[in-house]
Amino acid sequence: MTTEATRRVALVFSLFDANANGVLESDDFDLMADRVVHEAHASDQAAKDAMRAAFRRYWTTLLTELDANGDGEISFEEFTACVLSPERFDETIGVFAEALAALGDPDGDGLIERPLFMALMTAIGFEPANIDALFDAFEPTDGDRIRVETWVAGIKDYYAPGKAGIPGNHLVVGTPV
């Protein structure tokens, strides 16, 4: 695993630990889903439900695949296994990426505008300056929009242990992890 991937996984663990108790648990994913869906003002109910289901699936996959001691919580050490064994999580991360990007494209034109991207990523807990840098790294169009598939690919890359020099690394720059 690259140093960059280690920093990415540490950051996402800290964000998913929504109640900041040092472990991931079911309530963290419900809280995160509520925060993200709250920012999706223009999205229809089906897209919001898909996002909630993706967060639920993410949690269920982590619990099933990683809860080594069966305590119903995922420690940081257990969580790092998702990056070390991406084949166990590719499908779940794909569903999550598609659902999040769909919230970012409520009009279905295949493009995500910066303000909504910023709102959704801020709801997850990323730092605004880092989100802005990530959006710029995705090379927005003249209308300051990125393609849905660009964001989906970027999310998937974020979890890939061998990836280095990816746009997602902008999310950890200047962020204590």
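Treating the range 1-107 as a set of equal point scatterers at the Cα positions, no solvent, please give the Debye-formula log₁₀ I(q)/I(0) at q = 0.15, 0.17 Å⁻¹. Each listed q corresponds, in turn, to -0.63, -0.80. In a fully extended conformation the segment linking ALA20 and ALA68 would gain 15.2 nm over its present Cα-Cα distance, using 0.36 nm per residue. Ranked by the mean number of other Cβ atoms within 10 Å of their residues, highest first, the peptides 134-142, 97-105 come out as 97-105, 134-142. Relative to the longest principal axis of the Cα atoms of the chain, the long axis of helix 26-38 makes an angle of roughly 10 degrees.
In the full protein context, the range 98-174 carries 43 Å² of accessible surface per residue, based on a 1.4 Å probe and ignoring ligands, DNA and RNA. One way to sum up the overall shape of the range 24-177 is the equivalent ellipsoid from its Cα gyration tensor, whose semi-axes run 25, 18, 14 Å, largest first.
If you add up the charges near GLU91, with Lys and Arg at +1 and Asp and Glu at -1, over every other residue whose beta carbon is less than 12 angstrom from its beta carbon, what do you get? Neighbour charge sum, excluding GLU91 itself: -1. For the chain, the longest principal axis of the alpha carbon atoms and the long axis of helix 114-124 meet at an angle near 20°.
Cα extents for the range 25-70 along the principal axes, largest to smallest and rounded to whole angstrom: 41, 15, 8.
Within the range 95-156, the percentage of alpha carbon pairs spaced more than 16 angstrom apart rounds to 36%.
The values are calculated or read from the model by the stated rules, or taken from the named source; none is laboratory data. From a predicted model like this one, the values you see are computed outputs, not experimental measurements. With ideal geometry, Cβ positions are generated from the backbone for all residues, glycine too; neighbour counts draw on all protein chains shown. Accessible surface areas use protein heavy atoms only, side chains included; no ligands, DNA or RNA. Shrake-Rupley method; radii C 1.70, N 1.55, O 1.52, S 1.80 Å.
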